[in-house]
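Q: Here's a structure for you.
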């Protein structure tokens, strides 16, 4: 069973490795996650996924990054991370996903996220449109 806890400095190497192995994930400096809402998913002692979010307003949150180690994908890890992040939050939750990342879009839609808008040229390396998705929790 996947355990979820707050991420810390000891998790950064594992998180950076997951990020490198996840072409659809944002490529940020993992150390910056310590200043955000940072969750990690564990199987035993191994970090197998992470989620980073920020609260924008009392009723608005943004998911900044979510990724799962390749050998743990499609096993409920991302869902467990999102469930934990949204568990006690009431309001709108936003995220961006690459237009080409249909798997992620379908996953978010299965959880109730809807396409909200598009941001042309949002991503670099390669340049790509971002799909902004929104979820409302009440």
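Q: Give the residues of segment 3-60 that are more than 14 Å from the chain's Cα centre (by Cα) and crowded, with 18+ Cβ neighbours inside 10 Å, sorted by residue number.
A: Passing the criteria: 11, 12, 14, 47.
Q: Test of understanding: among 69, 41, 80, which residue is out of contact with any helix residue (DSSP H, G or I) (no Cβ under 6 Å at 6 or more places or on another chain), over 17 Å from residue 134 (Cα atoms) and at pLDDT 95 or above?
A: That would be 80, the only listed residue that is out of contact with any helix residue (DSSP H, G or I) (no Cβ under 6 Å at 6 or more places or on another chain), over 17 Å from residue 134 (Cα atoms) and at pLDDT 95 or above.
Q: Considering only segment 85-101, state which residues are closer than 19 Å to residue 3 by Cβ and crowded, with 16+ Cβ neighbours inside 10 Å.
A: Correct list: 85, 86.
Q: Is it true that residue 85 is assigned to a helix (DSSP H, G or I), under 14 Å from the mean Cα position of the chain (by Cα), farther than 21 Å from residue 29 by Cβ and in contact (Cβ under 8 Å) with a residue 24 or more places away in the chain?
A: The answer is no for residue 85.
Q: A follow-up question, please. I'd like to know if segment 69-78 contains one or more residues that are part of a helix (DSSP H, G or I), more than 17 Å from residue 113 (Cβ to Cβ) and within 12 Å of the chain's Cα centre (by Cα).
A: Scanning segment 69-78 turns up at least one residue that is part of a helix (DSSP H, G or I), more than 17 Å from residue 113 (Cβ to Cβ) and within 12 Å of the chain's Cα centre (by Cα).
Q: A further question follows. Looking only at residues in segment 124-138 that are touching a helix residue (DSSP H, G or I) at 6+ places or on another chain (Cβ under 7 Å) and modelled with pLDDT of 95 or more, which one is nearest to residue 23 (Cα to Cα)?
A: Checking each candidate, the answer is 131.
Q: Among the residues of segment 52-61, is there at least one that is closer than 28 Å to residue 3 by Cβ, out of contact with any strand residue (DSSP E or B) (no Cβ under 6 Å at 6 or more places or on another chain) and not in a helix (DSSP H, G or I)?
A: No, segment 52-61 has no match at all.
Q: Additional query: Restricting to segment 1-30, what's the tally of residues that are under 14 Å from residue 42 (Cα atoms) and touching a residue at least 60 places away in the same chain (Cβ under 8 Å)?
A: 2
Q: What do you reckon, is residue 113 over 21 Å from residue 40 (Cβ atoms) and crowded, with 16+ Cβ neighbours inside 10 Å?
A: yes
Q: Continuing with this model, one more query. From the list 91, 121, pick out the single residue that is modelled with pLDDT under 95 and in contact with a strand residue (DSSP E or B) (Cβ under 6 Å, 6 or more places away or on another chain).
A: Result of the check over 91, 121: 91.
The values are calculated or read from the model by the stated rules, or taken from the named source; none is laboratory data. Every value quoted in this text rests on a predicted model; they were computed, and no experiment measured them. Please note: Cβ atoms are built from the backbone with ideal geometry, for glycine as well, and neighbour counts cover all protein chains shown.
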